[in-house]
1. Which ³J(HN,Hα) values, rounded to whole Hz and listed in residue order, are derived for the range 156-172 from phi using the Karplus coefficients 6.51, -1.76 and 1.60 in 6.51 cos²θ - 1.76 cosθ + 1.60 with θ = phi - 60°, glycine and proline given as x?
2. For the range 111-204, list log₁₀ I(q)/I(0) at each q in 0.13, 0.15, 0.16, 0.18 Å⁻¹, using the Debye formula over Cα point scatterers of equal strength and ignoring solvent, two decimals each.
3. Within the range 94-180, list the GluC sites (Glu not before Pro) lying in a DSSP loop whose Cβ has at most 13 other Cβ atoms in a 10 Å radius.
4. At most 16 other Cβ atoms within 10 Å plus a DSSP loop assignment makes a site exposed; report the longest stretch of the chain without any exposed trypsin sites (Lys or Arg not before Pro).
5. Work out how much length Ile168 to Thr206 would gain on full extension: take 0.36 nm times their residue separation and subtract the Cα-Cα distance, in nm to one decimal.
6. Between Glu106 and Ala76, take the C-beta separation as r, use R0 = 22 Å, and let me know the FRET efficiency to the nearest 0.05.
7. Read phi for every residue in the range 29-41 and hand back ³J(HN,Hα) as whole Hz from Karplus 6.51 cos²θ - 1.76 cosθ + 1.60, θ = phi - 60°, with x for Gly and Pro.
8. Which whole number of Å³ per residue matches the convex hull of the alpha-carbon atoms in the chain?
Amino acid sequence: MIIDAWAQHPTLRHLQDPSFASLRRWTGQAVPDEAPPVAATLAAMDAGGVALALISAWVAPRNVMISNDEVAGFVAESKGRLLGVGSVDISKPMAAMREARRCIGELGFKAIRVLPWLWEVPPTDRRFYPLYAACCELGVPFCTQIGHTGPLMPSEVGRPIYLDQVAIDFPDLVIVGGHIGYPWTDEAVAVATKHENVYIDTSAYTAARYPAALVEFMRAHGRHKVLFGSNYPMIAPAKALAGIDALGLDAQARRLFLADNAARVYRLGAA
């Protein structure tokens, strides 16, 4: 079984947003003129052998690219294959806390995700802190991006070392840093090693491009700390997994990476 810890089922607003122009340049993808059906996401999952995918809302300062209610609709249509991850407007902390509670309590989502580069502030910014408290109270992970940004936005806010202070201030908060932290992967590994509740997911990178430091971490003491993610639709799961056999993971490390770590972190039961 494979669980994709970082994916999106995109809306047309998300796919056409100008901030992703640099990603389209890298991948050669054209600007679409219609939103894909949920069946297309499920087909991409099937092609990569992915059983479940966590799909996220995208809330930005000036627009909502994918709303929480849209994610809930995609989840309902998927017949159990897609799992929701909510997002909130951190510029309105009280409303953000209420929306996080609605996402988990009413919509049945598994986590909350906010991307620092969208807001151009690091995760130590005071506007994040009420949301961290809400995630602790709700017992769900906080997901974020670590590493440089593909979109043409400042990358500094993605330094993994910022999560060190967050984890110190909120030791009960489960934090999942997506996109491996490159070019600061050593920082990501150090923070995940130091803090019991900090994890890394490999979204936005193919297995063949994982830095050596991350691969060694996955093979050894970090085998319980790294989750597979694709960042679909930017990278299809099958492409993200290409080259996994060359990583040298033993059977346990491979199973933990592909499914068991995500099932534990996101409390997916016997998934």
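1. Once θ is set to phi - 60°, the couplings for the range 156-172 become 3, 5, x, 4, x, 4, 4, 5, 4, 5, 4, 5, 5, 6, 10, x, 8 Hz.
2. Taking Cα atoms of the range 111-204 as identical point scatterers yields -0.36, -0.48, -0.55, -0.70.
3. Taking the range 94-180 and a limit of 13 other Cβ atoms within 10 Å, the loop GluC sites (Glu not before Pro) found are Glu106, Glu120.
4. 80-266
5. 10.6 nm
6. Result of the calculation: an efficiency of 0.95.
7. The phi angles translate into 7, 7, 6, x, 10, 8, 6, x, x, 4, 4, 5, 5 Hz.
8. Details: hull volume 30.5 nm³, N = 271.
With only Cα atoms used, the chain gives 113 Å³ per residue.
No lab work stands behind these numbers, since they all come straight from the coordinates. No experiment lies behind these values; they were computed from the predicted model shown. Note that each Cβ is placed from the backbone with ideal geometry, even for glycine, and that neighbours are counted across all protein chains shown.
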